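Report on the following structure.
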Amino acid sequence: MGEGMTSLPPGFHFYPSDEDLVIHFLHRKVSTLPCYPDVIPTVHLHRYDPWDLNGKALQAADKFYFFTRMSQSRGTPNGHWSQVGSDELITNGGRDVGSKKTLVFYIRDSQERIKTNWIMHEFHLLDGSYSNSSGGSANSKQKKCHSTKECNKWVLCRVFDSNGDSQSSFRDDSTELSCLDEVFLSLDDFDEVSLPN
């Protein structure tokens, strides 16, 4: 999928966990396997400042999601992304399958750099094998990246303004719901709906 706005069908919400992003999306992108739903576009990170992602990346609530090729430079037209803290490991079934880097966006202003509230989580696959995307058991068929070089080419990014108001007031920021969680939660509301006779 090229650059351009993608959207989910009406009534669907996109709240993947870190593990979902690595296993069900990034792994499939690197392995050139089909991804359902195929909603995360590819965006050239260096072409856009974070406030320009609307219409280019998948927007879900107050977050933008997109694939991009890894680059040493994370510069944009008006600033750059700078890593803060250390990498966080992403696990699946007790095995490390990916990592998450946290970056902050800085605006270039002549002599100084100005820190903004824009945050990017950059998801990477770890080299070597990881379980297939169906989330099978430890005895299930294992997939490897075509090469270490291919594993390191693609990253999946989640960008958001840390001052933005979340549209889901019932959620704690430390808890991410998967798409299936959202479906099951919405079924609870079905009892309250009265259908015409």
(message) Rounded, prolate or oblate for the range 29-83? Axes are the square roots of the Cα gyration tensor eigenvalues, ordered a ≥ b ≥ c, and the cut-off for rounded is a/c under 1.5.
(response) oblate
(request) Could you check how much of the accessible area of the range 10-94 is carbon and sulfur, as a whole percent, using a 1.4 Å probe? (result) 49
(request) With a probe of 1.4 Å, find how much accessible area the range 45-108 has per residue, and write the answer as a whole number in Å². (result) 48
(request) Name the shape class, rounded, prolate or oblate, that the alpha-carbon gyration tensor gives for the range 55-96, where a ≥ b ≥ c are the square roots of its eigenvalues, rounded holds for a/c under 1.5, and otherwise prolate holds if a/b is larger than b/c and oblate otherwise. (result) oblate
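The values are calculated or read from the model by the stated rules, or taken from the named source; none is laboratory data. This structure is a prediction, so every number in the text was calculated from the model and none was measured. In case anyone asks, the SASA skips ligands and DNA or RNA and just uses the protein heavy atoms, side chains included. Shrake-Rupley method; radii C 1.70, N 1.55, O 1.52, S 1.80 Å.
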